[in-house]
1. Across the range 154-199, which residue is surrounded by the fewest Cβ atoms within 10 Å (Cβ to Cβ) among those that are among the acidic types (Asp, Glu) and free of Cβ contacts under 8 Å to residues at least 12 places away in the same chain?
2. Based on what the data block shows, is Val217 in contact with a strand residue (DSSP E or B) (Cβ under 6 Å, 6 or more places away or on another chain) and open to solvent by less than 50 Å² (accessible area, probe 1.4 Å)?
3. Scan the range 297-354 residue by residue and report those that are of a type in the set (A, V, I, L, M), in contact (Cβ under 8 Å) with a residue 60 or more places away in the chain and either over 18 Å from Gly408 (Cα atoms) or open to solvent by 70 Å² or more (accessible area, probe 1.4 Å) (or both).
4. Select, from Glu91, Glu4, Glu71, the only residue that is at pLDDT below 95, out of contact with any Lys or Arg (no Cβ under 7 Å at 6 or more places or on another chain), open to solvent by 50 Å² or more (accessible area, probe 1.4 Å) and within 25 Å of Val137 (Cα to Cα).
5. Name the single residue, out of those in the range 57-99 being within 30 Å of Pro228 (Cβ to Cβ) and of a type in the set (D, E, K, R), that is farthest from the chain's Cα centre (by Cα).
6. Out of the range 282-307, which residues are in contact with a Ser or Thr (Cβ under 9 Å, 6 or more places away or on another chain) and not hydrophobic (A, V, I, L, M, F, W, C)?
7. Could you please tell me which pairs satisfy a Cβ distance under 6 Å, a separation of 6+ or placement on different chains, a first residue in the range 271-286 that is open to solvent by 20 Å² or more (accessible area, probe 1.4 Å), and a second residue that is outside any helix (DSSP H, G or I) and aromatic (Phe, Trp, Tyr)?
8. Report every pair of residues separated by at least 6 positions or lying on different chains whose Cβ atoms are under 8 Å apart, first residue within the range 109-133 and farther than 26 Å from Leu195 by Cβ and without any contact (Cβ under 8 Å) to a residue 40 or more places away in the chain, second open to solvent by less than 50 Å² (accessible area, probe 1.4 Å) and assigned to a helix (DSSP H, G or I).
Amino acid sequence: MYNEAAQELLSFIKSSPTPFHAVWNISGMLEKEGFERLKEGSVWDIRPGGKYYVTRNGSSILAFKTGTQIENYSFHITASHSDSPTFKLKENAQIDVKGKYTVLNTEGYGGMICSTWFDRPLSLAGRVIVKEGSSLVSRLLNIDRDLLMIPSLAIHMNREVNEKQSLNKQKDMLPVYSGKTMDADALKNLVANELRVEAEQIYGTDLFLYNRAEPSVWGADGEFISSPRLDDLECAYASLEGFLRGENRESVSVYACFDNEEVGSHTKQGAASTFLSDALTRMNAALGKSPEDLSRALASSFMLSCDNAHAVHPNYPEKTDVCNCVYMNEGIVVKSHAGQKYTSDAVSIALFKMICEKAGVPVQFFANRSDMNGGSTLGNIAMSQVSVNTVDIGLAQLAMHSSYETAGIRDADYLIRAVETFYNSHICETEPGVYEIRDDSIRKKEGRGHVL
């Protein structure tokens with residue numbers, strides 16, 4: 001059944017073709033809930049019980065809600081990412097082919113499955129820097145029509161296409177823009193017309209290809225959803241919904257969505273940047289707290305690193321671990337790795353299991369085969385700047401890094417409920433090795449919580 005959470009998720013993804021659009025949409029959702037925008041270059045006025053957010057580069061965002069009883073507070077954090085593998089448009093992008101075609105010069109962003117970009121309608125979206133008077137203004141662009149396509153080479157000219165194929169991003173993956181030679185400024189003029197400015201006003205662009213395919217619900221019982229950019233906008237959206245629904249008087253609730261996870265996170269707006277640590281330090285100071293208070297708060301804080309996980313593929317079940325393999329629609333995935341590509345350990349896993357028990361949400365466990373290298377995520381990268389107890393979680397999906405990915409229709413709702421419960425809880429280490437999870441209802445009725 002097409003549930004409300006899945007419907008709203010797919011609507012969010014459709015309106016978020018790039019990280020810039022995702023952060024714009026997240027900002028709008030926060031402002032509707034009364035969040036106040038802060039600027040990194042201005043003084044922060046933060047009060048107990050307040051709601052705030054701040055962006056960096058227009059493609060990463062942090063939001064936080066401060067409790068009203070924060071004498072001995074901690075941070076409750078979720079982290080996800082706004083970017084997905086795609087192709088970025090180069091400067092001077094138009095290439096003439098024999099006077100009969102114009103193709104666009106692109107380069108790969110992240111580890112995409114190249115073959116999934118063939119023979120489907122594409123377009124361009126991103127941000128454009130426009131000169132307005134003496135100012136440079138960042139404008140969002142989405143050319144909302146079928147504009148480009150990367151055609152496959154016919155099997156008659158590549159007889160080994162079904163046996164073996166090696167794709168060269170500079171040769172094989174360039175999208176066709178026109179069936180004629182275009183003027184040198186044709187693409188720039190198109191962008192200018194879309195933004196209703198003069199071409200001479202355009203001073204810079206960050207433009208990306210995106211898949212125009214509509215999200216879909218399918219399967220014998222409508223149990224699957226497919227869409228571009230499920231990794232990681234599914235987690236970005238679901239953790240945001242849980243964040244907006246949750247509330248805790250003794251904690252500072254933090255929502256983080258970083259850009260550039262797909263290329264390593266080592267940018268000014270990535271998880272390896274100072275964005276999170278800068279914000280937490282400034283929050284602490286604006287609330288009148290000392291550096292000692294910040295260190296104490298971090299020591300008792302907890303993070304959910306939210307990034308999707310690999311479901312068992314029905315045609316390749318041997319690619320996953322025998323015991324720690326996961327399925328769509330069967331709950332939130334906890335990811336572990338002995339080499340620390342994932343941050344989960346006994347403590348963080350146990351705490352998250354207890355949170356899911358309280359939320360009534362199923363949990364399953366993922367590990368890579370021991371003889372195969374898997375991917376990594378942003379949790380351990382963020383911990384290089386802010387060290388807190390962290391568990392790596394996600395939602396099971398197929399075709400990760402395809403231009404059109406598949407997930408379970410029920411799982412986004414599971415994550416929303418678990419994240420809401422997480423933000424409604426207060427997690428503390430009452431003594432070394434003893435952890436307690438409390439929530440408002442338990443405090444009011446019994447004055448105590450669950451002990452681990």
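The values are calculated or read from the model by the stated rules, or taken from the named source; none is laboratory data. Quantities reported herein were computed from a predicted structural model and do not represent experimental measurements. In this analysis, Cβ positions are derived from the backbone assuming ideal geometry, glycine residues included, and neighbour counts consider all displayed protein chains. Please note that ligands, DNA and RNA were not included when accessible areas were found on the heavy atoms of the full protein model with its side chains. Shrake-Rupley method; radii C 1.70, N 1.55, O 1.52, S 1.80 Å.
1. Of all residues in the range 154-199, those among the acidic types (Asp, Glu) come to 160, 163, 172, 183, 185, 194, 198.
If we keep only those that are free of Cβ contacts under 8 Å to residues at least 12 places away in the same chain as well, we get 160, 163, 183, 198.
On the way: Glu160: 9, Glu163: 6, Asp183: 10, Glu198: 12.
Looking at the filtered set, the residue picked out is Glu163.
2. Details: in contact with a strand residue (DSSP E or B) (Cβ under 6 Å, 6 or more places away or on another chain): yes; open to solvent by less than 50 Å² (accessible area, probe 1.4 Å): no.
No: the conditions fail for Val217.
3. Hits for the range 297-354 are Ala297, Leu298, Ala299, Met303, Leu304, Val347, Ala350, Leu351, Met354.
4. Values: Glu4 fails: within 25 Å of Val137 (Cα to Cα); Glu71 fails: within 25 Å of Val137 (Cα to Cα).
Selected residue: Glu91, the only one of Glu91, Glu4, Glu71 that is at pLDDT below 95, out of contact with any Lys or Arg (no Cβ under 7 Å at 6 or more places or on another chain), open to solvent by 50 Å² or more (accessible area, probe 1.4 Å) and within 25 Å of Val137 (Cα to Cα).
5. Restricting attention to the range 57-99, the residues satisfying the condition of being within 30 Å of Pro228 (Cβ to Cβ) are 57-64, 77-97.
With of a type in the set (D, E, K, R) added as a condition, the list becomes 83, 88, 90-91, 96.
Numbers: Asp83: 6, Lys88: 18, Lys90: 24, Glu91: 26, Asp96: 36 Å.
So, considering only residues that are within 30 Å of Pro228 (Cβ to Cβ) and of a type in the set (D, E, K, R), the one farthest from the chain's Cα centre (by Cα) is Asp96.
6. In the first step, residues of the range 282-307 are kept if they are in contact with a Ser or Thr (Cβ under 9 Å, 6 or more places away or on another chain); the result is 283-284, 287, 291, 294, 296-307.
Within the range 282-307, Asn284, Pro291, Arg296, Ser300, Ser301, Ser305, Asp307 qualify.
7. That search, which allows pairs on different chains as well, returns Arg282/Trp44; Ala286/Trp44.
8. none
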